[in-house]
Amino acid sequence: MTLFTASGSLPRHQYVSVDGQFVGYAGEWLQAVWLGLHSHRARAWGCTVMLECGAVYRDLPPHALAFCDDPPPWTIKDAQTWDCYGSQFALHVYDYLDGLDAIVRAADDELAADYLFTAIPVNDAYTHAPAQAKEFMFMQTHHGRLTIQPTNRVLFRDASFTTVLEWRNLRRSESIYHCEG
């Protein structure tokens, strides 16, 4: 796992469509390769893509990306629940979660989705407080949109382990543990 400051490479690139209105081509969807992320405190994640014309475009908001050519309408609130905490983060693919069916809460909807990777904020005011420490799951909805949700807004189904998918109101961790002293 690599620690990134401000910008980083995805664990694996993704082929996407970009809403042309974000790059000056309103009404068109442009083919692209999503290759990186940018994090800045109090902003949405910024996506870095290479367009088919060879241009690299940085800081596209997550609702500008789709995984199909004719996606449903999508807003920034559908795409992401919380702004970035700071500029440092690590990206990781949890092998156990890779390939599992999931349900994600995006805005007011529950949607079927596939796990892409996890962003782990590092060295910011929130991650030092146990009750605020969150990882962000990047998910591809089955209707072709990107959503980025904290772990408490995603449920995974493992046919050999999960019995019933159920939203539970789990207590947040509020403790810091020490093995010395």
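The values are calculated or read from the model by the stated rules, or taken from the named source; none is laboratory data. Note that the structure is predicted; figures quoted are calculated from it, not measured. Here Cβ is always computed from backbone atoms with ideal geometry, including for glycine, and neighbour counts include all displayed protein chains.
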> If only one of F161, F156 is within 14 Å of L97 (Cβ to Cβ), more than 14 Å from the chain's Cα centre (by Cα) and assigned to a loop (DSSP other than H, G, I, E, B), which one is it?
Replying inline: F161
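Test F136 against the stated conditions and say whether it is closer than 21 Å to G46 by Cβ and either modelled with pLDDT of 95 or more or surrounded by 11 or more Cβ atoms within 10 Å (Cβ to Cβ) (or both).
Values: closer than 21 Å to G46 by Cβ: yes; either modelled with pLDDT of 95 or more or surrounded by 11 or more Cβ atoms within 10 Å (Cβ to Cβ) (or both): yes.
The answer is yes for F136.
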> Under the condition of being closer than 15 Å to F138 by Cβ and of a type in the set (V, I, T), which residue from the stretch 83-109 is surrounded by the fewest Cβ atoms within 10 Å (Cβ to Cβ)?
Replying inline: V93
> In the stretch 23-45, what residues are crowded, with 18+ Cβ neighbours inside 10 Å, within 30 Å of N123 (Cβ to Cβ) and either in contact with a helix residue (DSSP H, G or I) (Cβ under 7 Å, 6 or more places away or on another chain) or without any contact (Cβ under 8 Å) to a residue 24 or more places away in the chain (or both)?
Replying inline: A44, W45
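One line per residue, one yes/no per condition, for (1) assigned to a strand (DSSP E or B); (2) closer than 16 Å to P62 by Cβ; (3) without any contact (Cβ under 8 Å) to a residue 60 or more places away in the chain:
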| position | (1), (2), (3) |
| --- | --- |
| L91 | yes, yes, no |
| L97 | no, no, yes |
| A113 | yes, yes, yes |
| T147 | yes, yes, no |
| R168 | no, no, yes |
| R172 | no, no, yes |
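Inside the stretch 1-86, counting only strands (runs of 3 or more DSSP E) that do not spill past its ends, which hold 2 or more residues that are more than 21 Å from T151 (Cα to Cα) and more than 13 Å from the chain's Cα centre (by Cα)? Lay out the reasoning, then the answer.
On the way: elements: 3-5, 7-19, 29-38, 46-51, 56-60.
By residue number, 7-19, 29-38, 46-51, 56-60.
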